[in-house]
Amino acid sequence: MGVLGRVAWAWLVQLLLLQQHAGASHVVYDDLELQATAAAAEGVPHSIVDSQLRTGYHFQPPKNWINDPNAPMYYKGWYHLFYQYNPKGAVWGNIVWAHSVSRDLINWVALKPAIEPSIKGDKYGCWSGSATMMPDGTPVIMYTGVNRPDVNYQVQNVALPRNRSDPLLREWVKPGHNPVIVPEGGINATQFRDPTTAWRGADGHWRLLVGSLAGQSRGVAYVYRSKDFRRWTRVAQPLHSAATGMWECPDFYPVTADGRREGVDTTAVVVDASGGAAARVKYVLKNSLDLRRYDYYTVGTYDRKAERYVPDNADGDEHHLRYDYGNFYASKTFYDPAKRRRILWGWANESDTAADDVAKGWAGIQAIPRKVWLDPSGKQLLQWPIEEVERLRGKKPVILKDRVVKPGEHVEVTGLQTAQADVEVSFEVASLGAAERLDPAMAYDAQRLCSARGADARGGVGPFGLWVLASAGLEEKTAVFFRVFRAARAGGKPVVLMCTDPTKSSRNPNLYQPTFAGFVDTDITNGKISLRSLIDRSVIESFGAGGKACILSRVYPSLAIGKNAHLYVFNNGKAEIKVSQLTAWEMKKPLMNGA
Ligand code: DQQ
């Protein structure tokens, strides 16, 4: 069969798959994979259903739709991750809590779904929630149930392990007294969800948050209080609110305030005699903005007496700090007592079409779990992939040292396959003299700045960084890069922009490929800045300046797949850049839920 015949055949197979999927379940794409491999050898674009676009070491089940991570926890030697899952297809719907367990947060074994609709309070969906460890070590899950077919009327339910001595926590029971929290007193019942992990006050009573919307546009975190985790009453004032639209998946937790990386258990915060928070603890409040589909947070103080949270930065609800400036939503942290750290999980959606997802048979991944801690400045969090991910690194990294990259030059990193890789780079800018002036109108709008000045727009200092998942002829590439600006005001420190530009990531025209960007609050006056990118077939997760800014991007190359994916360092600025060191590892595939 000639090339054209093969392409036509691949389309026909896709069409048939689409039709089957209209009412069916999982389909194995072996045939398509063979077609795609043959096509690739001849330089023909791959189809979106190519199984080489499924991620290799990011969390996902073998098939179907996933969204929010739920109730992550560590119990009797096992990490547990529950997540929103559609057992019937690759689009959102029929939501249950799927359940996987792991010894190391990297290799995962899928268990049966833990929480499925079975009671009046969750008959139409088991939505997001969190786990709280009781003083005797028993985990309790609190989650949102939808209890009406016509509208998404939301209540909060609890579920308990049937057998506490089972480290895998395979079965969960829902006590008869559910639901334990219902919308009352004028609360918007269709926007009332995603209970947090609970914590205890000096009075021994539990508190937790439920996300909501007040009026047309106020995001709210309501506080509920309980003596016994059964009867809950709402505290009159919310913990916090802001004019940002609905707050989904709130998360509220303490962090050590003295720059140490150690995590603090939400439920074990020491309080002083007056009920105030222990001195060296700050709090983080994160909300997922339903309107804008990203997670933002503030760092602040928790006033335990008034049950209020006050962000340190009064503008913090307006000029957002984000966990991630890319595709990362509905995240949740948990305290890991085994390694005394706080770990962040976030959901990354696809950026292809729903029809493509149906054709692929899967949609959604979880980002690599990240350790989070407070930057010594106290102004923001730092994030770094959990150390366990390094176990997936191949034995022989490729290393570049002291390689100068001249203006307009790009350098290929050869000697390894880079479709599934971990790359760490330390850059050094020769001089900041060529830095462009920052347009004050964009001083708060990294996104606009990056889309106006993308990776191919020549600059002063930068753009410089990596082209990842690039095709040999550079028809396809995703740029992950920095650009440095002179501060808008005299004497201000240089402004560092970090961007991911996937606008040339694929020849497939039906993808959502916006640039993503954030400012990096780092001092680059010594010219030094670092970048780490976890590349995994259809995801690029990047960490700028040691985790000060993070960007996750989903891309679906049609040429730069498998062995045809290349990696380059590029410099599109006027200033010379030196790669002081680049270390790149191929990444192995862990056990991933049997896939
Ligand atoms: N996803 C869940 C909700 C949550 C939303 C439903 C956030 O509980 O608010 O699947 O992605």
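Criterion first (over 20 Å from G547 (Cβ atoms) and either modelled with pLDDT of 95 or more or assigned by TED's automatic domain parsing to the domain that holds V411 (or both)) does T503 satisfy it? Before the answer, list the steps.
Values: over 20 Å from G547 (Cβ atoms): yes; either modelled with pLDDT of 95 or more or assigned by TED's automatic domain parsing to the domain that holds V411 (or both): yes.
Here the answer is yes, as T503 does meet what is asked.
Looking only at region 433-458, count how many residues are of a type in the set (F, W, Y) and touching a Pro at 6+ places or on another chain (Cβ under 7 Å).
Qualifying residue count for the region: 0.
Looking at region 109-127, which of its residues are open to solvent by 10 Å² or more (accessible area, probe 1.4 Å) and either among the aliphatic types (A, V, I, L, M) or assigned to a strand (DSSP E or B) (or both)? Please lay out each step first, then the result.
Residues of region 109-127 that are open to solvent by 10 Å² or more (accessible area, probe 1.4 Å), as a first pass: 109-114, 116-120, 123-124, 127.
Hits for region 109-127 are V109, A110, L111, K112, P113, A114, I119, W127.
Among the residues of region 74-95, what is the count of those that are surrounded by 22 or more Cβ atoms within 10 Å (Cβ to Cβ) and in contact with a Pro (Cβ under 6 Å, 6 or more places away or on another chain)?
2
Considering region 153-163 alone, what residues qualify as being in contact (Cβ under 8 Å) with a residue 24 or more places away in the chain and either buried (at least 21 other Cβ atoms within 10 Å of the Cβ) or in contact with a Lys or Arg (Cβ under 9 Å, 6 or more places away or on another chain) (or both)? Can you show your working first?
Start the filter on region 153-163 by keeping residues that are in contact (Cβ under 8 Å) with a residue 24 or more places away in the chain, which leaves 153-159.
Scanning region 153-163 gives Q154, V155, Q156, N157, V158, A159.
Does T138 meet the test of being assigned by TED's automatic domain parsing to the domain that holds P250, buried (at least 21 other Cβ atoms within 10 Å of the Cβ) and either away from the ligand (no atom under 16 Å from the Cβ) or among the β-branched types (V, I, T) (or both)?
On the way: assigned by TED's automatic domain parsing to the domain that holds P250: yes; buried (at least 21 other Cβ atoms within 10 Å of the Cβ): no; either away from the ligand (no atom under 16 Å from the Cβ) or among the β-branched types (V, I, T) (or both): yes.
Considered against the rule, which asks whether it is assigned by TED's automatic domain parsing to the domain that holds P250, buried (at least 21 other Cβ atoms within 10 Å of the Cβ) and either away from the ligand (no atom under 16 Å from the Cβ) or among the β-branched types (V, I, T) (or both), T138 comes out as no.
Considering each of R148, R207, R103 in turn, give the residue that is open to solvent by 40 Å² or more (accessible area, probe 1.4 Å) and away from the ligand (no atom under 16 Å from the Cβ). Spell out the reasoning first.
Details: R148 fails: away from the ligand (no atom under 16 Å from the Cβ); R207 fails: open to solvent by 40 Å² or more (accessible area, probe 1.4 Å).
After ruling out the rest, the residue left standing is R103.
Collect the residues in region 351-398 that are aromatic (F, W, Y) and either at positive phi or open to solvent by less than 20 Å² (accessible area, probe 1.4 Å) (or both), keeping them in residue-number order. Please lay out each step first, then the result.
Let us first name the residues in region 351-398 that are aromatic (F, W, Y), namely 362, 373, 384.
Listed by number, the residues that qualify are W362, W373.
Can you tell me which residue within region 167-202, out of those that are buried (at least 20 other Cβ atoms within 10 Å of the Cβ) and among the basic types (K, R), is nearest to the chain's Cα centre (by Cα)?
The qualifying residue nearest to the chain's Cα centre (by Cα) is R193.
Residue check: is W92 part of a loop (DSSP other than H, G, I, E, B), among the hydrophobic types (A, V, I, L, M, F, W, C) and within 16 Å of the ligand (Cβ to nearest atom)? Walk me through how you get there before you give the answer.
Details: part of a loop (DSSP other than H, G, I, E, B): yes; among the hydrophobic types (A, V, I, L, M, F, W, C): yes; within 16 Å of the ligand (Cβ to nearest atom): yes.
Spelling it out, W92 is indeed part of a loop (DSSP other than H, G, I, E, B), among the hydrophobic types (A, V, I, L, M, F, W, C) and within 16 Å of the ligand (Cβ to nearest atom).
Just to be sure before I move on: is V468 at pLDDT 95 or above and under 30 Å from K588 (Cα atoms) in the structure I sent? Spell out how you get there, then give the answer.
Details: at pLDDT 95 or above: yes; under 30 Å from K588 (Cα atoms): yes.
Judged against the criteria, V468 is a match.
I need a count of the residues in region 61-82 that are within 16 Å of the ligand (Cβ to nearest atom) and assigned to a loop (DSSP other than H, G, I, E, B). Step through it out loud before you land on a result.
Step one: of region 61-82, the residues within 16 Å of the ligand (Cβ to nearest atom) are 61, 64-72, 81-82.
Narrowing the set further to residues that are assigned to a loop (DSSP other than H, G, I, E, B) leaves 61.
Of the residues in region 61-82, 1 are within 16 Å of the ligand (Cβ to nearest atom) and assigned to a loop (DSSP other than H, G, I, E, B).
The values are calculated or read from the model by the stated rules, or taken from the named source; none is laboratory data. Bear in mind the structure is a predicted one, so any value in this text is a computation, not a measurement. Cβ: placed from backbone, ideal geometry, glycine included. Neighbour counts: every protein chain shown. The protein model used for the area step is the full one, side chains on, heavy atoms only, and it has no ligands, DNA or RNA in it. Shrake-Rupley method; radii C 1.70, N 1.55, O 1.52, S 1.80 Å.
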